[in-house]
């Protein structure tokens, strides 16, 4: 499920960027929300699929969560702009 800019727009541009960034990174690596939950379990971080999906779609999550997700999918770097 792709993030929706409508609801996120009410909270500010940073939330929209975070939601779309995380969605794009998962798509780029062909990782589903269920797969991300399993990969996070591999690094000893437990979360449910609905909870994970909601956090990512909202785009309002703490930096630790983002870093855990990036580590779980094997991201070696973080690029914010082209």
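The values are calculated or read from the model by the stated rules, or taken from the named source; none is laboratory data. Remember, predicted model here, so these are calculated numbers, not experimental data. Neighbour counts run over all protein chains shown; Cβ positions are idealised from the backbone, glycine included.
For the reader, a short list of remarks on this structure follows.
- Selected residue (criterion: farthest from the chain's Cα centre (by Cα)) from residues of the range 1-16 that are in a helix (DSSP H, G or I) and either buried (at least 16 other Cβ atoms within 10 Å of the Cβ) or at pLDDT 85 or above (or both): 8
- Members of the range 29-66 that are farther than 21 Å from residue 77 by Cβ and either in a loop (DSSP other than H, G, I, E, B) or in contact (Cβ under 8 Å) with a residue 40 or more places away in the chain (or both): 32, 44, 46, 47, 48, 53, 57, 58, 60
- Taken together, 73, 64, 37, 31 contain a single residue that is surrounded by fewer than 10 Cβ atoms within 10 Å (Cβ to Cβ) and at pLDDT 90 or above, which is 64.
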